[in-house]
Amino acid sequence: MVRPDYLFDIDDFPPPAYAVIYALQWAVIIFPALAITASLASRALHFSSVEEVRFLQFTLITTGVFTAVQTIWGHRYPLIEGPATAVLLTFTLLAPYGYGAICGGTMAGGAFLTALAASRRLDKALAFFTPNVVGVILMLIAFTLLPHLAGLVAGIEPGGSSRGAPEVFLVSLFLMLFITAFAHWSRGIWKTLALFLGMVVGTAVFAVMERVDATPFLESAWMAFPVPWIARPPEFPWPAIVAFAFTYAAVAVNSLGSIQGIANITDAHRLPAGIRRGLVVNGISGFCCGLLGVVGTVSYSTGPGVVLVNRVASRYVVTCCGALLLAAAFLPKIASFLALVPAAVVGAALTTAMAGQAGAGFAIVLKQGHFTGRDTFVVGLPLMVGTLIGFLPPAFFESLPSLLRAFLGNGLVTGIVLVICLEHALLKPRTEDQAEEP
């Protein structure tokens with residue numbers, strides 16, 4: 001795959017006005033995931049409305065702070081940090097042990113990952129990320145989001161209680177085509193604003209359709225400070241420690257995939273140091289999030305898609321997004337403003353970004369110059385299994401041991417482990433096959 005040309009490269013800092021607009025795009029895309037995480041964790045732990053608000057505020061704080069830390073010192077790539085799905089799953093599974101055990105387990109899992117990353121045993125990990133593996137990771141990121149994206153663009157409410165609305169899907173499809181065409185035909189700085197303009201247009205259309213509720217924005221307070229800072233005194237029962245240790249192994253796999261994916265379209269030279277520092281920050285984040293009582297963060301894998309659509313690879317734009325999310329934790333007006341964008345508009349923008357990311361994954365796989373029968377299964381099987389897992393109902397995994405659910409309940413993690421096993425063990429090229437290759 002030929003590296004794309006960017007208007008602002010990875011170490012460039014755009015003019016402040018543009019940096020704010022680009023950061024706002026990232027914030028609008030990530031904000032629904034933060035709100036959903038707070039809602040699911042609060043429901044599992046039977047929080048009051050006051051406790052749920054506190055949880056969301058600290059989720060914004062940890063997301064903002066560790067996004068800034070990662071982009072400035074950690075992996076130094078344009079990736080957002082956000083609540084890890086694997087950690088959220090373990091959060092809900094360990095709810096019967098109490099909030100204190102969850103806090104302590106998260107701290108222990110974060111400490112485990114920090115020690116692992118700092119041990120310098122990760123140098124051999126890069127050898128596992130061949131073009132097949134990296135390409136599958138990029139495609140898996142897009143495909144495992146399909147169940148979530150389908151509900152967003154079709155107007156289906158969380159929980160599947162509604163059948164959706166065809167008019168919402170039609171508007172979502174129009175927005176996908178609008179963003180794609182605008183990104184293709186425009187030039188210069190306008191090319192980088194495709195997602196932002198698409199979200200503005202989509203919000204305006206849904207406002208005309210009376211599907212935008214501005215009441216929360218109008219009624220929200222200007223300033224609020226989260227309390228208390230320490231949710232519960234941490235406890236350390238061994239089931240929680242073991243469960244979160246396995247969970248943070250899954251977080252490490254997820255982060256490795258995210259960093260590898262963005263490195264292949266930006267700057268691969270900083271990858272070895274970026275992986276080590278990125279995982280160290282993930283571990284420190286887990287410890288801090290456990291102390292605060294929220295879900296530990298991971299480097300989100302949607303970055304390559306947004307970068308490819310925007311043609312803006314600047315990591316400092318993502319730093320600005322982190323600052324915006326941090327401000328939203330203390331200024332509810334900002335948070336409610338981000339929530340004004342309808343879910344279908346976010347879904348349409350993210351679907352467009354993931355389409356570009358899937359295409360980039362195909363290009364990386366094909367850049368080897370040959371594609372054998374072995375490669376069809378190395379690439380195809382993990383894509384199918386990882387995508388399939390996303391369509392299985394959560395109840396399906398309830399019969400599995402808790403230590404396995406963090407892996408098998410996450411299609412992305414399962415797919416990454418599967419493609420590495422196929423590429424380097426089960427379907428490792430035979431000597432005679434390698435001799436026949438040109």
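Summary table below
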{"quantity": "Number of the condition not met by residue 257 [criteria: (1) closer than 18 Å to residue 129 by Cα; (2) out of contact with any Leu (no Cβ under 8 Å at 6 or more places or on another chain)]", "calculated": "(2)"}
{"quantity": "Whichever residue in the stretch 391-408 is in a loop (DSSP other than H, G, I, E, B) and either modelled with pLDDT of 80 or more or under 14 Å from residue 249 (Cβ atoms) (or both) and, among such residues, is nearest to the chain's Cα centre (by Cα)", "calculated": "391"}
{"quantity": "Single residue of the stretch 296-327 satisfying the filter (outside any helix (DSSP H, G or I) and of a type in the set (Val, Ile, Thr)) that is farthest from residue 113 (Cα to Cα)", "calculated": "312"}
{"quantity": "The lone exception for residue 334 - which of (1) in contact with a helix residue (DSSP H, G or I) (Cβ under 6 Å, 6 or more places away or on another chain); (2) within 30 Å of residue 218 (Cα to Cα); (3) surrounded by fewer than 24 Cβ atoms within 10 Å (Cβ to Cβ); (4) touching a residue at least 40 places away in the same chain (Cβ under 8 Å) it fails", "calculated": "(4)"}
{"quantity": "Those helices (runs of 4 or more DSSP H) lying entirely in the stretch 191-277 with at least 1 residues touching a Gly at 6+ places or on another chain (Cβ under 9 Å), within 27 Å of residue 99 (Cβ to Cβ) and aliphatic (A, V, I, L, M)", "calculated": "238-263"}
{"quantity": "Failed criterion for residue 43 (all others in (1) modelled with pLDDT of 85 or more; (2) part of a helix (DSSP H, G or I) hold)", "calculated": "(1)"}
{"quantity": "Scan of the stretch 369-384 for residues that are surrounded by fewer than 17 Cβ atoms within 10 Å (Cβ to Cβ), β-branched (Val, Ile, Thr) and either in a helix (DSSP H, G or I) or modelled with pLDDT of 90 or more (or both), ordered by number", "calculated": "376"}
{"quantity": "Residue in the stretch 284-303 that is under 10 Å from residue 106 (Cα atoms), hydrophobic (A, V, I, L, M, F, W, C) and modelled with pLDDT under 90 present", "calculated": "no"}
{"quantity": "Candidate set: the stretch 46-67, residues that are among the hydrophobic types (A, V, I, L, M, F, W, C) and farther than 15 Å from residue 288 by Cα; chosen: the one nearest to the chain's Cα centre (by Cα)", "calculated": "56"}
{"quantity": "Any pair with Cβ under 6 angstrom, 6 or more apart, that starts in the stretch 193-208 at a residue that is touching a residue at least 12 places away in the same chain (Cβ under 8 Å) and ends at one that is surrounded by 20 or more Cβ atoms within 10 Å (Cβ to Cβ) and not in a helix (DSSP H, G or I)", "calculated": "199/341; 203/341; 206/342"}
{"quantity": "Pair list, Cβ under 8 Å, 6 or more apart: the stretch 363-378 residue over 21 Å from residue 304 (Cβ atoms), other residue in a helix (DSSP H, G or I) and at pLDDT below 85", "calculated": "372/433; 374/433"}
{"quantity": "The stretch 266-304, subset within 23 Å of residue 28 (Cβ to Cβ) and β-branched (Val, Ile, Thr), residue nearest to the chain's Cα centre (by Cα)", "calculated": "302"}
{"quantity": "Filter result (at pLDDT below 90, among the small types (Gly, Ala, Ser) and either part of a loop (DSSP other than H, G, I, E, B) or closer than 19 Å to residue 208 by Cβ (or both)) within the stretch 165-189", "calculated": "165, 186"}
{"quantity": "Single residue of 22, 6 found to be assigned to a loop (DSSP other than H, G, I, E, B) and either at positive phi or surrounded by 18 or more Cβ atoms within 10 Å (Cβ to Cβ) (or both)", "calculated": "6"}
{"quantity": "Pairs where the first residue, in the stretch 85-113, is touching a residue at least 40 places away in the same chain (Cβ under 8 Å) and the second is among the acidic types (Asp, Glu) and not in a helix (DSSP H, G or I), C-beta under 6 Å, 6+ apart", "calculated": "100/235; 101/235; 104/235"}
{"quantity": "Output for the stretch 227-242, where each listed residue is modelled with pLDDT under 80 and crowded, with 18+ Cβ neighbours inside 10 Å", "calculated": "231"}
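Condition check ((1) at pLDDT below 80; (2) closer than 30 Å to residue 353 by Cα; (3) in contact with a Pro (Cβ under 8 Å, 6 or more places away or on another chain); (4) surrounded by 14 or more Cβ atoms within 10 Å (Cβ to Cβ)) across all residues:
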residue: 191; (1), (2), (3), (4): yes, yes, no, yes
residue: 199; (1), (2), (3), (4): no, yes, no, yes
residue: 206; (1), (2), (3), (4): no, yes, yes, yes
residue: 221; (1), (2), (3), (4): yes, no, yes, no
residue: 225; (1), (2), (3), (4): no, no, no, no
residue: 249; (1), (2), (3), (4): no, yes, no, yes
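The values are calculated or read from the model by the stated rules, or taken from the named source; none is laboratory data. All of these numbers come straight from a predicted model, not from anything done at the bench. When we count neighbours, we look across all protein chains shown, and the Cβ atoms used for this are built from the backbone with ideal geometry, even at glycine.
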